[in-house]
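What follows draws every value from the coordinates through simple rules; no lab data is involved. In this text, all values refer to a predicted model and were calculated from it rather than measured experimentally. A quick note on method: Cβ atoms are made from the backbone with ideal geometry, for glycine too, and the neighbour counts reach across all protein chains shown.
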Amino acid sequence: MEIKKIGIIGAGQMGNGIAHVMALAGYDVVLNDVNQQSLDAAISTIHKNLTRQADRGKITEDDVSQTLARIVPTLTLADVGATDLVIEAATERETVKQAIFEDLQPHLLPHTILTSNTSSISITRLASRTDRPERFMGFHFMNPVPIMQLVELIRGIATDEETFASCRTVVERLGKTAASAEDFPAFIVNRILMPMINEAVYTLYEGVGSVKSIDESMKLGANHPMGPLELADFIGLDTCLAIMNVLHEGLADTKYRPCPLLTKYVEAGWLGRKTQRGFYDYRGDSPVPTR
């Protein structure tokens, strides 16, 4: 099936990035959110990021205007139904995602493929709550979407081959690389990445090193471009905790137990860059470690 029109649910950091790359690749995009301010902020962010690409000579000024013209923002979820492919990019809570798919179901076209950008939640379980589990799969982009080259494609137990092939074709058109992952908690990237971040938090919690020494050690000693605590702040500590809980509950192994200090930061509302405080304080001219 040829995909021409794509619906994206959620205009946050991931949703606006997905809308950006889809529209730039020539797809017509319907971008939905429950909040007009979020939609306005998303369009502004997309415009800013496209302009930055144009300034660097990666795209033309015409590309900028044509890409923006392909994105139609809407507060009405039903508008998303009349598309060939839906990508849900709402908050990482299963109940929220299930409610979205249930509300969307009456408005879908018979051939519409449903996907979720979830970073850890069971695709099979989400698919089972819809009327088309064979046309449902995981479509997991990495953050920031316009820059990161990988997309994880996750089949549920019922996903058919045509659905997988259609989604893989979209990834190829974006100029990105698809990695096929099985439907187990956190898939590939976060199954490996999040326990490393969690272990870095334990290293801080147990006093083995400070925020600065832990991040410097991994950047200079393991050649990581960003330290694990700095990366956690970038991802969002609430998202890190949610994924660790999915791993812990889904695999029943104590090695995935979230560090109590990570839980404490989330309880305090110190979620990283998006709240201006996490393992670093971002309210000044430069980030300052909070421990």
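To the nearest ten degrees, helix 13-24 and the longest principal axis of the Cα atoms of the chain are 40 degrees apart. Database remark: amide H of Val30 closer than 5 angstrom to the amide H of Ile6, Gly7, Ile8, Val72 (H placed geometrically; neighbours at sequence offset of 5 or more, or on other chains; Pro and chain starts carry no H). Among beta bridges identified by DSSP and lying wholly in the range 1-155, the antiparallel ones come to about 20 percent. Between amide H atoms placed 1.01 Å from N, distances below 5 Å from Ala179 occur with Val151, Glu152, Leu153, all of them 5 or more places distant or on a separate chain.
The DSSP beta bridges internal to the chain are antiparallel in roughly 25% of cases.
With N as its number of residues, the chain has a Cα radius of gyration that, divided by 2.2 N^0.38 Å, comes to 1.02.
When the Gaussian network model of the chain links Cα atoms closer than 10 Å, the mean-square fluctuations of Phe187, Phe234, Phe139 top out at Phe234.
Computed 3J(HN,Hα) for the range 256-268, one whole-Hz value per residue from the Karplus formula 6.51 cos²θ - 1.76 cosθ + 1.60 where θ = phi - 60°, is 9, 5, x, 5, x, 5, 4, 4, 5, 4, 5, 4, 6, glycine and proline marked x.
Charging the Cβ of each Asp and Glu at -1 and of each Lys and Arg at +1, and nothing else, the dipole of the chain about its Cα centre rounds to 500 debye.
Listed from fewest to most Cβ neighbours within 10 Å, the set Cys240, Cys167, Cys259 follows the order Cys259, Cys167, Cys240. Using the Cβ-Cβ distance between Asp285 and Ser217 with R0 set to 30 Å, the FRET efficiency from 1/(1 + (r/R0)^6) comes to roughly 0.75. The distance from the alpha carbon centre of the range 106-136 to that of the range 221-256 is 26 Å, rounded to a whole number. In percent, rounded to a whole number, the relative contact order of the range 85-143 is 39, using alpha-carbon pairs under 8 Å and six or more apart.
Working from Cα positions, state the angle (0 to 90°, nearest 10) between the long axis of helix 94-104 and the longest principal axis of the chain. Here the helix axis deviates by roughly 10 degrees.
Mean separation of Cα pairs under 8 Å and 6+ residues apart, divided by the residue count of the range 126-241: what relative contact order is that in percent?
Averaging sequence separation for qualifying contacts and normalising by length gives 17 percent for the range 126-241.
The amide H of Tyr280, built 1.01 Å from its N in the peptide plane, has Thr290 as neighbours under 5 Å, considering only residues 5 or more places off or on other chains.
Considering only Gly250, Gly221, Gly17, the Gaussian network model of the chain with Cα springs below 10 Å gives its largest mean-square fluctuation to Gly221. Across Asn16, Asn117, Asn49, mean-square fluctuation computed from a Gaussian network of the chain (C-alpha pairs under 10 Å connected) peaks at Asn49. Axis of helix 189-205 versus longest Cα principal axis of the chain: the two differ by about 30°, to the nearest ten degrees.
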